[in-house]
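Following: one structure in structure tokens, then a few remarks.
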Amino acid sequence: MKHFFVFGVIAFWILLNSPAIAHKINIFAYTEGNTIQGEVYFNDGSPAKNTKITLYSVKGDKVLAETKTDKEGIFKLPIPKGLKEVKVVAWAEMGHRAEMKLKLSQNNEIASAETTQAKVKPANSQVLPEVAAANSISEELFRKIIREEVRKEMAPLKKMIQELARQADKPSLGEILGGIGYIFGLFGVWAWFQARGKRGK
Amino acid sequence: MHISEGVLSAPVLIAGALGTGIGTFIGLKKISVEKVPQIALLSAAFFVASLVHVPLGPSSVHLVLNGLVGILLGLATFPALLVGLFLQALIFQFGGLTTLGVNTFNMAFPGVVVYYLFGPLVRSSRSLIAGVGAFLAGALAILLSGILVAFELTFTGESFKAAAKLILAAHLPVMIIEGIVTVLLVSFLKKVRPEIFGQEV
């Protein structure tokens, strides 16, 4: 029995120290500008290269777009028009599949708000001509600058969220030990019942 | 090895679940009280083995251990792997609950096959013969599992040749490592616990 524990310790050491190919893929997608971007990776965090990505509508399972991931497991898809939510599905070899639902509503709203405001603006500038003159840069350009700045500021945050998602997908030591505990507990209960049945006879 | 949810069609899933159900039923009927702790231990070993990654060149592979479990447990491989896979699906989201039947069959059935094919060799008193038997058991169990997965994926429209080629290429190193690990564990167990090879399952 003692040797079994030695084996266990070695096994854990290998487990905690090495990267791998695996039994599960994960997908993490987000919207960026006019595209849906995302990445596919195995449960240990290594990228899933050349994986087929399909974009579905949530209802009706209609295929909207298809692409493949690059060397870093990253993919880009155009945002389909007129949809509030889409489903992004990754298909890796050997029967691996992962999906993620992505809400588009916010982005669409912002886009529509932008256009309505742009239409209202000329009337405003007529009311306050001096303000409009003071703003030497046009409204549209200003918005573009803000958008770019916000994107720059958000980039590290997005990275952090991605990193967190990866960490959450990795099996933790607690989960592993918990699983082993369940197995022994289950078989323990079984052995107990069997033993009781025998005694009863 | 773990087929994800939403890949296979319903008939394949049902067939897999039926196969696993029958295997588990027969396995449970055959188990003696003395064998229960062994099954628990091997179930736990299998549960952890999928998380043990052996570094190999640029990537790495993980152990399955279905050959070892098969050689030691015979038909009781079914309940042992069913429990292990159930917890892997629940805790790590490897595979899934709908594919539990198929996945269990894919890994447990080859275990039972190698038990009947190589069991007599492994039980041989000559260590060389036992070693060869153990290696073949470990390697062939993986090969059979891979073939089963490839066969099931053909029902999704993937061509058997392409799927089998891919799975074979990915699993050839696993077969060799698995064979070696099985030899090591079997020879070790034969030294410290020779009696477990004598027990009928």
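The values are calculated or read from the model by the stated rules, or taken from the named source; none is laboratory data. None of the values given here were measured: they were computed from a predicted structure. Glycine gets a Cβ as well: all are built from the backbone with ideal geometry, and neighbour counts include every protein chain shown. Surface accessibility is based on the protein's heavy atoms, side chains included, excluding ligands, DNA and RNA. Shrake-Rupley method; radii C 1.70, N 1.55, O 1.52, S 1.80 Å.
Need one value: the accessible area of residue B:5 in square angstrom, 1.4 angstrom probe, rounded to the nearest 10.
In the full protein context, residue B:5 sits at about 80 Å².
How far apart, in nm, are two points set 7 Å out from the Cα along the Cα-to-Cβ line at residue B:172 and at residue A:35?
Once both label points are built, they end up 3.6 nm from each other.
Under 8 Å for C-alpha pairs, at least 6 residues apart: give me the relative contact order for chain B, rounded to a whole percent. It would help to have the intermediate numbers written out before the result.
Working: 313 pairs, mean separation 52.1, N = 201.
Averaging sequence separation for qualifying contacts and normalising by length gives 26 percent for chain B.
Once phi is turned into ³J(HN,Hα) by the Karplus curve 6.51 cos²θ - 1.76 cosθ + 1.60 with θ = phi - 60°, what whole-Hz value does each residue of region B:17-31 show in order, with x for glycine and proline?
Per-residue couplings from phi come out as 5, 5, x, 5, x, 5, x, 5, 4, 5, x, 5, 5, 7, 6 Hz.
Take every Cα-Cα pair in region B:10-198 and report what % of them are more than 29 Å apart.
18 percent
Could you list the trypsin sites (Lys or Arg not before Pro) in region B:107-191 that lie in coil according to DSSP, counting only those with at most 16 other Cβ atoms within 10 Å of their Cβ?
Details: sites: B:123, B:126, B:161, B:165, B:190, B:191; in loops: B:123, B:126.
Answer by residue number: B:123, B:126.
Which of the GluC sites (Glu not before Pro) found in region B:107-201 are loop residues per DSSP with 10 or fewer other Cβ atoms within 10 Å of their Cβ? Working shown, then result.
Numbers: sites: B:152, B:158, B:178, B:195, B:200; in loops: B:158, B:200.
Passing both the DSSP loop test and the Cβ count: B:200.
Quote to one decimal, in nm, the extra length available between residue A:177 and residue A:59 on full extension: 0.36 nm per residue of separation minus the C-alpha distance between them. Spell out each step's value before the answer.
Details: separation 118, 0.36 × 118 = 42.48 nm, distance 3.96 nm.
Gain in length upon complete extension: 38.5 nm.
Whole-Hz Karplus ³J(HN,Hα) for region B:160-171, in order, using 6.51 cos²θ - 1.76 cosθ + 1.60 and θ = phi - 60°, x for Gly and Pro?
4, 4, 5, 5, 5, 4, 4, 5, 4, 4, 6, 9
Which of B:29/B:191; A:52/A:81; A:49/A:103; A:49/A:76 have a Cα-Cα distance over 19 Å? Please report the intermediate quantities before stating the final value.
Values: B:29/B:191 29 Å; A:52/A:81 22 Å; A:49/A:103 25 Å; A:49/A:76 13 Å.
Too far apart for the 19 Å limit: B:29/B:191; A:52/A:81; A:49/A:103.
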